[in-house]
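The values are calculated or read from the model by the stated rules, or taken from the named source; none is laboratory data. Every value quoted in this text rests on a predicted model; they were computed, and no experiment measured them. Neighbour counts run over all protein chains shown; Cβ positions are idealised from the backbone, glycine included.
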Amino acid sequence: MSVALDSQLGRPATRVGIWRRRILIGIVVTYMAILILAPIGALIQGAFANGLGAMFTALNDPDVLSAFWRTLLIAAITIVVHVICGTAVAWVLVRHRFPGRRLLNGLIDLPFAISPVIAGLMLILLFGRRGIFAPLIEATGVQIAFALPGMIIATLFVTLPFMVRELMPVLEAFGIEQEQAASTLGASGWQTFRLVTFPALRWGFIYGLTLTFARALGEFGAVLVVSGGVQGRTETATMYVFRALDERQYTGAYSAALVLGLFSLVLVMGAEILRRRER
Amino acid sequence: MTTITSTRYRAARERSSLPWGRWGVRTVALTYLTVMLILPLAVIIQYGFQDGLGGIWNAINQPVARHALWLTLWTAAVMALINAVMGTLTAYVLVRYSFPGKALLNGVVDLPFAIPTLVTGVTLVVLYGPQSAIGAWLENELGWRIIFAPPGIIIALLFVAFPFVVRTVQPVLESLDRDQEEAAATLGAGAWTIFRRVTLPPLLMPLISGTLLSFARAIGEFGAIVIVAGNIPRRSQTAAVYVFGQVEAGYPDIASAVSIVMLAIAFGLVLLVDYLQPRRGKPAAEEAQ
């Protein structure tokens, strides 16, 4: 291979060149194997160390199951909210012109730059016992911090950019000619969106949803800070892993981490493969 | 030309559509962004600055906080340097050489983005922790402590931030014309000279951007670090873990003050990267010349 490439370059394939190529490939493969693959392999081995039975017993604990269900519930609600509000945000940022639009566009990426712990702290400052909305919360009796609503808001915050950033370029590229044609033919605004715009955005939706879901499953810092991680009540799958490690329940911690990691991996890689195939 | 027509189309579209539908969508979007982004940001800034800059200075000048911030900054810097070198090398190998398993290797680059960072932390503890053979060997034979120590933090950050440099350098390297390298080779330049004088200069901007982004990402990392480094004040406690501890202990004011410093660093870096980014419409290679 290298000989062919080098002769394409019009350079003689020297012995030095071949060795340089081998050494560089070797360094990169070794680096990635040690940094990325070895730890993942160790986790798989650690989870299976006591056999499938031990793994199953550890995961079949009521608290663990409820933690996984809570994670799935939060991720599902996050997706629904982002499909509606994320689409509205992308739509308004692309199609509408109003003062402050560019500033808002810049702010969209903020959750990626903010530490999840700080995101959780912000929500505590808003909804906590001494937070700004404390009187409102007392009046209505709806608990947000240290409860499911706060965990959902925290997850919404950290996943905000995915949907918007997937949809914006597609909306921009799609343009408005076809929508105009539809409305000229008498379609209403909602009909135009449903029958013309939405099909064009379909793939953007699918990627945005997948990435949002994967990130929501794995969120830890923000939900931990906002919920306190009470076992069996506000504990998510990631918090269970954290607690199990602390309590030296290694099989449970490793198995749950493996399940979480595999799930996210399949989602993200699946989206990536779909994306490449579509192009 | 196209922008003028599309603006005109857009104006026509805005006139033709139902005004209340438009305002409805806009209201939903703006309310959502206000509640989700602006309000949280405003409240932490207000809370962090309630005692002015002096209050922030006092908070970060506590020995434990100072140590946590310093540990965060230096481990992130070491990570960024290693990541810059190894990321560029990886991008170079992936673009310039073809070898069996290359597509697989290219896929592995994205793994760190796909795996929850907490799980990353667990994988490293399994591999290097005191229970594992490798961890025990490193500690007993070589005296290297990885877990609950700065090396573990750096390794965790390297894992988490690996794709940043590779994925910013790779596309630019792909778009580079190889004519100049060939010309340099014809004129008798060695491989290293060609890389340094011809290939590297156009890669410098994306390389710096990717490195700064990985640094910014490292400042706020929590999930992987809290597992790998634990929470030992003045030894392995980073700023994010310190903020977490202060919130848990019921000191949101101290947590906010330290958060403000972390946010300022992260935002500053992101703005810098935005400034360094080549202007739209011009290929990066052209911009760098």
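Here are the numbers for the structure shown:
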read-out	value
Residue check for A:Leu72: assigned by TED's automatic domain parsing to the domain that holds A:Phe193, aliphatic (A, V, I, L, M) and modelled with pLDDT of 90 or more	yes
Of the criteria (1) closer than 30 Å to B:Arg96 by Cα; (2) outside any loop (DSSP other than H, G, I, E, B); (3) within 12 Å of chain A (Cβ to nearest Cβ), which one B:Asp253 fails	(1)
Subset of region A:180-232 that is within 25 Å of A:Pro169 (Cβ to Cβ) and among the β-branched types (Val, Ile, Thr) - its residue that is nearest to the other protein chains (Cβ to nearest Cβ)	A:Thr192
Filter result for B:Gly55 (surrounded by fewer than 19 Cβ atoms within 10 Å (Cβ to Cβ) and out of contact with any Lys or Arg (no Cβ under 9 Å at 6 or more places or on another chain))	yes
Residue identified as within 8 Å of chain B (Cβ to nearest Cβ), within 22 Å of the chain's Cα centre (by Cα), under 14 Å from A:Thr236 (Cβ atoms) and touching a residue at least 12 places away in the same chain (Cβ under 8 Å) among A:Pro111, A:Pro116	A:Pro116
Helices (runs of 4 or more DSSP H) within region A:10-81 that include 3 or more residues within 13 Å of another protein chain (Cβ to nearest Cβ)	A:15-32, A:38-48, A:62-81
Flag if B:Gly268 is among the small types (Gly, Ala, Ser), at pLDDT 90 or above and under 16 Å from the mean Cα position of the chain (by Cα)	yes
Out of A:Gln231, A:Gln191, sole residue that is part of a loop (DSSP other than H, G, I, E, B), on the phi < 0 side of the Ramachandran plot and either assigned by TED's automatic domain parsing to the domain that holds A:Gln143 or hydroxyl-bearing (Ser, Thr, Tyr) (or both)	A:Gln231
Residue count for region B:46-74, restricted to those that are among the hydroxyl-bearing types (Ser, Thr, Tyr) and closer than 10 Å to B:Ala257 by Cα	1
Qualifying residues in region B:58-77 (those that are under 19 Å from the mean Cα position of the chain (by Cα) and among the β-branched types (Val, Ile, Thr)) - the one surrounded by the fewest Cβ atoms within 10 Å (Cβ to Cβ)	B:Thr75
Residue within region A:128-142 that is at the interface with chain B (Cβ under 8 Å from one of its Cβ atoms) and in a helix (DSSP H, G or I) present	no
Number of the exception - A:Glu166 against (1) among the charged types (D, E, K, R); (2) part of a helix (DSSP H, G or I); (3) modelled with pLDDT under 90	(3)
Any chance B:Thr72 is of a type in the set (S, T, N, Q), on the phi < 0 side of the Ramachandran plot and at the interface with chain A (Cβ under 9 Å from one of its Cβ atoms)	no
Tally, over region A:94-111, of residues that are in a helix (DSSP H, G or I), within 14 Å of B:Arg22 (Cβ to Cβ) and of a type outside the set (D, E, K, R)	1
Residue satisfying all of: in region A:243-257; surrounded by fewer than 24 Cβ atoms within 10 Å (Cβ to Cβ) and at the interface with chain B (Cβ under 8 Å from one of its Cβ atoms); nearest to B:Gly223 (Cα to Cα) among these	A:Leu245
Breaking point among (1) within 18 Å of A:Thr78 (Cα to Cα); (2) small (Gly, Ala, Ser); (3) surrounded by fewer than 21 Cβ atoms within 10 Å (Cβ to Cβ), for A:Ser183	(1)
